[in-house]
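Read through the structure below, which is laid out as structure tokens, and then see the notes.
The values are calculated or read from the model by the stated rules, or taken from the named source; none is laboratory data. This one's a predicted model, so the numbers in the text were calculated from it and none came from an experiment. When we count neighbours, we look across all protein chains shown, and the Cβ atoms used for this are built from the backbone with ideal geometry, even at glycine.
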Amino acid sequence: MKKFDLTVVLGSKNRKGLIKATIGSIRNNGFNGNIEIIVVDGGSIDGTCDWLALQKDVFTIIQPNYSVVNENGIKVKAHSWGEFMNIGFKAAHSDYICMVSDDLILAPGCLQKGYDEIHQRIDNGEKIGGGAFYFREYPRNDYFRVIKLAEGNVNINHGFYYRPALEAVNWLDEKTFNFYNGDGDVAMRLNMAGWKTIVLKDCFALHLVHLPQKKQTLPAWYLKDMEAYENLYGHLGQGSLDISEDTPPINPRPFWRYALRNVLTGYLLREYDKRKMNAK
């Protein structure tokens, strides 16, 4: 099997247009080494799988992820986020794994800059578990941020993991969290085990804003995920945001083409945020 310098892993389902944009930004990012792209697809029926089958540089794993009712009577996905992403992480042929979502556009040079920093710091003897990209919720926010968890630990919404570190903490939790806070959990466990997660100061990405949900319609699995995280780490204190002073240009055109509703909603949310701030 060919050895790769970097593996990029993403999960997806029914995002044919957006995943084309994300993979395009990976391919054209300017990485100098051998790069492996792994997509774990949840059983798309919009033509995504057909398109992926034609991509010679993409290792596609199809794991249908359907809804079931668990033992507590809560509707959840058959495979949790942790289980789903572990499929791709464990299949990676590199010690340097970059996790991105299928609605993300990377800034040019992001992969090389992140790889170089983590690789160099590990070579210099630092015990680095991973590194986070600054990301902007497009178009709602005009700033790029990294989320810091309790005790200043850096959360990796999008960014790098070091495979030996993931192995040391037994990978992502597949049982406790259905989806949300799984990334926060592994970041906390890495840091508690001595594997520091860091901010990659020169790495940026655009993330498409999600459509909002009303508080009273939040699904039961989401509330359970929030409760589980609070029970594990709530006593350690609150998190914070690390806002970058830089605002690098990243072309958002694919979002307009493939997810116009999200973009327009994002602008409405941006105006809502402004009015809310002015009312204080």
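Applying the condition of being surrounded by fewer than 20 Cβ atoms within 10 Å (Cβ to Cβ) and not in a loop (DSSP other than H, G, I, E, B) to the range 163-190 and asking which residue is nearest to the chain's Cα centre (by Cα) yields ARG163. Can you name every residue in the range 110-147 that is within 13 Å of CYS98 (Cβ to Cβ), out of contact with any helix residue (DSSP H, G or I) (no Cβ under 8 Å at 6 or more places or on another chain) and not aromatic (Phe, Trp, Tyr)? Result: CYS110, GLN112, LYS113, GLY114, ASP116, GLU117, ILE118, HIS119, ALA132. Which residues, counting only those in the range 106-128, are touching a residue at least 60 places away in the same chain (Cβ under 8 Å) and more than 21 Å from GLY33 (Cβ to Cβ)? LYS127, the sole residue that qualifies. When PHE135, PHE84, PHE144 are screened for being in contact with a strand residue (DSSP E or B) (Cβ under 9 Å, 6 or more places away or on another chain), in contact (Cβ under 8 Å) with a residue 40 or more places away in the chain and farther than 21 Å from GLY11 by Cβ, only PHE144 passes.
Yes/no matrix, rows are residues, columns are (1) in contact with a strand residue (DSSP E or B) (Cβ under 8 Å, 6 or more places away or on another chain); (2) more than 22 Å from GLU83 (Cα to Cα); (3) of a type outside the set (Gly, Ala, Ser):
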site	(1), (2), (3)
GLY11	yes, no, no
ILE19	yes, no, yes
ASN28	no, yes, yes
GLU36	yes, no, yes
ASP41	yes, no, yes
LEU52	yes, no, yes
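Scanning the range 64-89 for residues that are in contact with a Phe, Trp or Tyr (Cβ under 7 Å, 6 or more places away or on another chain) and modelled with pLDDT of 95 or more gives TRP81, GLY82, ASN86, PHE89. Considering LEU232, LEU236, LEU211, the condition of being at pLDDT below 95 and hydrophobic (A, V, I, L, M, F, W, C) is satisfied by LEU211 alone. The residue that is surrounded by the fewest Cβ atoms within 10 Å (Cβ to Cβ), among those in the range 40-72 that are over 19 Å from SER101 (Cα atoms) and acidic (Asp, Glu), is GLU71. So in the range 14-28, with the set limited to residues that are in contact (Cβ under 8 Å) with a residue 60 or more places away in the chain and outside any helix (DSSP H, G or I), which one is surrounded by the fewest Cβ atoms within 10 Å (Cβ to Cβ)? Here the answer is ASN28.
Quick check: anything in the range 161-172 among the hydroxyl-bearing types (Ser, Thr, Tyr) and either closer than 30 Å to VAL76 by Cα or touching a Lys or Arg at 6+ places or on another chain (Cβ under 8 Å) (or both)? Steps first, please.
The first filter runs over the range 161-172 and keeps only residues among the hydroxyl-bearing types (Ser, Thr, Tyr), leaving 161-162.
Pick out the ones that are also either closer than 30 Å to VAL76 by Cα or touching a Lys or Arg at 6+ places or on another chain (Cβ under 8 Å) (or both) and you get 161-162.
The answer is yes, given that some residue of the range 161-172 is among the hydroxyl-bearing types (Ser, Thr, Tyr) and either closer than 30 Å to VAL76 by Cα or touching a Lys or Arg at 6+ places or on another chain (Cβ under 8 Å) (or both).
For the range 138-149, a tally of residues being farther than 23 Å from TRP221 by Cα and either under 16 Å from the mean Cα position of the chain (by Cα) or part of a helix (DSSP H, G or I) (or both) returns 5.
If only residues of the range 73-118 that are among the polar types (S, T, N, Q) and within 16 Å of the chain's Cα centre (by Cα) are counted, the one that is surrounded by the most Cβ atoms within 10 Å (Cβ to Cβ) is SER80. So, of the residues in the range 57-72 that are among the polar types (S, T, N, Q) and outside any loop (DSSP other than H, G, I, E, B), which turns out to be farthest from the chain's Cα centre (by Cα)? The residue in question is SER67.
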